[in-house]
Amino acid sequence: MYNYIKALHIIFIVTWFSGMFYIVRLFIYNTEAGEKQEAEKNILRSHFTIMIRRLWFGITWPSAIATGIFGPWMWIQLGVLPDWLFVKLFFVAGLYVYHFTLHAIYKQEMKGIFKYSSQQLRIWNEVATIFLVAIVMLAVVKQNMSVVWGLAGLIGFVIVLMSAIRIYKNIRMKKK
C-alpha cells in the first residue's frame, strides 16, 4: 500500500507545482493585457479569467489538498519521522503559505485589481522553483546532505535564478 500512496503523493505534487507555475504565468499575461487597447484588453482578460479560474479550482487547489492528504498518509505508513523530514516539512509549510499568497492574488485579479507588475510576478513565480529544489533535494538526498552545504547550495541557486531573471529582463527591454 505504501508505494501506491507514495505514487499518488508524487503525482499530486507534480500537478500542484504545475498549477502554481502556470497560474502565475496567467497572472502575468492578465496583467500585461492591461497595456493593450480597450477592446483587446477586455477580450484577453475575459479569456484569462476563465483559464485562471479553471486552473486554480480544477487542478491547483485539488492537487494541494490531495498532496496534504497523501503526504501525512505516507508518513503514517512509514511509521517514523526522520530528521530530514522535519526540514522538508518546514519547506512544505512554506509552500502552502506561498499557495495562499497566490490565492490572494487570484482573488484580487478576479476583482480587477492588479497590484503587481509583470516583473514582480515573474520574480514571485520563481519562489515555487526555490521550494521545488529544496523539497526534492531533501526527499532524494535525505540525511546525506549537510545543513551547511544544503543552505549554501540553495542560496547559490537563488542567486543564479535571480541573475537569470535580471538578464532576461534586460534582453526583453532591448527588444522593445
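The values are calculated or read from the model by the stated rules, or taken from the named source; none is laboratory data. Owing to the predicted nature of the structure, the values given are computational and were not obtained by experimental measurement. Cβ atoms come from the backbone with ideal geometry, glycine included; neighbour counts cover every protein chain shown. SASA here: full protein model, heavy atoms, side chains in, ligands and nucleic acids out. Shrake-Rupley method; radii C 1.70, N 1.55, O 1.52, S 1.80 Å.
Looking across region 42-51 at every residue that is open to solvent by less than 70 Å² (accessible area, probe 1.4 Å) and among the polar types (S, T, N, Q), the one that is farthest from residue 113 (Cα to Cα) is identified as 46. Evaluation of residue 165 against the conditions (1) out of contact with any Lys or Arg (no Cβ under 7 Å at 6 or more places or on another chain); (2) part of a helix (DSSP H, G or I) shows that the sole unmet condition is (1).
Filtering region 28-41 to residues that are open to solvent by 50 Å² or more (accessible area, probe 1.4 Å) and among the basic types (Lys, Arg) leaves only 36.
The number of residues in region 52-66 that are surrounded by fewer than 16 Cβ atoms within 10 Å (Cβ to Cβ) and of a type outside the set (Gly, Ala, Ser) comes to 5.
Annotation: residue 14 fulfils all but one of (1) surrounded by fewer than 18 Cβ atoms within 10 Å (Cβ to Cβ); (2) more than 14 Å from the chain's Cα centre (by Cα); the unmet one is (2). Here the condition is being within 15 Å of residue 27 (Cα to Cα) and part of a helix (DSSP H, G or I); of 95, 102, 85, it holds for 102 alone. One residue stands out among those in region 63-106 that are free of Cβ contacts under 8 Å to residues at least 24 places away in the same chain and not aliphatic (A, V, I, L, M): the one that is farthest from residue 8 (Cα to Cα), which is 101.
What number of residues within region 88-142 satisfy the criterion of being within 19 Å of residue 34 (Cβ to Cβ), among the charged types (D, E, K, R) and surrounded by 13 or more Cβ atoms within 10 Å (Cβ to Cβ)? Number satisfying all stated conditions: 2. Residue by residue through region 158-171, note down the ones that are modelled with pLDDT of 80 or more and open to solvent by less than 60 Å² (accessible area, probe 1.4 Å). Result: 158, 161, 163, 164.
For region 15-44, how many residues are part of a helix (DSSP H, G or I) and in contact (Cβ under 8 Å) with a residue 24 or more places away in the chain?
17
Of the conditions (1) under 25 Å from residue 23 (Cβ atoms); (2) in contact with a Lys or Arg (Cβ under 8 Å, 6 or more places away or on another chain), residue 84 fails just one. Which one is it? Answer for residue 84: the failing condition is (1).
Just wondering, is there one or more residues in region 67-79 that are modelled with pLDDT of 85 or more and exposed (fewer than 12 other Cβ atoms within 10 Å of the Cβ)?
We begin by selecting, within region 67-79, every residue modelled with pLDDT of 85 or more; these are 67-77.
This time we only want the ones that are exposed (fewer than 12 other Cβ atoms within 10 Å of the Cβ), so: 76.
Looking through region 67-79, at least one residue is modelled with pLDDT of 85 or more and exposed (fewer than 12 other Cβ atoms within 10 Å of the Cβ).
For region 95-116, a residue qualifies if it is at pLDDT 95 or above and among the small types (Gly, Ala, Ser), and exactly one does: 104.
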